[in-house]
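Working notes for the structure below.
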Amino acid sequence: MENFSYRQKIQPSDVEAIADMVESSDFFSDEEIEIAIELAEEKLEMQEASSYQFLFTEKEERVMGYTCYGLIPATSSSYDLYWIVVSRDLRGQGLGKLLMAETEKLIYQSGGRQIYAETSSRDQYKPTQRFYESCGFHKEAFLKNFYSEGDGKIIYAKVLK
């Protein structure tokens, strides 16, 4: 991956780019897709008053991937990673790891010292689980039948240094 840039400020066109990336991933339910869109719309509307932070990778004005993260309320240095998505046609090329590393850097510079990410325990999410583990996250907790019967939530954690 080369010749791309990072951008933190959300733009109106990002809402459609986020919707396209999340929908085309084949991982997320309609409800989850709506949530991704709502978070972007909230950030656009509220700007700095929103607790959601975004990081986009782009090349020639095409959004290639993004993260959405934020400080966990009532904590001093713990952040949630709400979304990390890379365009379907760019997956497997290392962009997700670069995006994660840059997100971690921004969180650390903001005073964050740990980051949490969650995912489903379903087999469909094995690549996601491997991705988090390859980025240095460890399984912190497992909540059985969280999403539905047979679909637990795995909470990953990483201490930032």
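Any read-out appearing in this document is the output of simple, stated calculations on the displayed coordinates, not a laboratory observation. Small disclaimer: the values here were computed from a predicted structure and weren't measured. When we count neighbours, we look across all protein chains shown, and the Cβ atoms used for this are built from the backbone with ideal geometry, even at glycine.
Summary of computed values
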quantity	calculated
Additional length obtainable on full extension of the chain from ASP89 to ILE72, 0.36 nm per residue less Cα span	2.9 nm
Under-5 Å amide H pairs with ASP151, H placed in peptide plane, nonlocal only	ASN145, PHE146
Within-10-Å neighbourhood charge of ARG88 [Cβ basis; K, R +1; D, E -1]	-3
Under-5 Å amide H pairs with TYR82, H placed in peptide plane, nonlocal only	CYS68, TYR69, GLY70
³J(HN,Hα) computed for each position of the range 37-54 - Karplus, 6.51 cos²θ - 1.76 cosθ + 1.60, integer Hz, glycine/proline x	5, 4, 5, 5, 5, 4, 4, 4, 6, 8, 6, 5, 6, 7, 7, 7, 10, 10
Cα gyration tensor shape of the range 41-104, rounded if a/c is under 1.5, else prolate or oblate by comparing a/b with b/c	oblate
FRET efficiency, GLN8 to GLU149 (Cβ-Cβ, R0 30 Å, nearest 0.05)	0.15
Computed lengthening from SER24 to LYS126, 0.36 nm per intervening residue step minus Cα-Cα distance	34.9 nm
Shape of the range 58-161, Cα gyration tensor, a/c cut at 1.5	oblate
Cα centroid separation - the range 7-62 against the range 103-131, whole Å	17
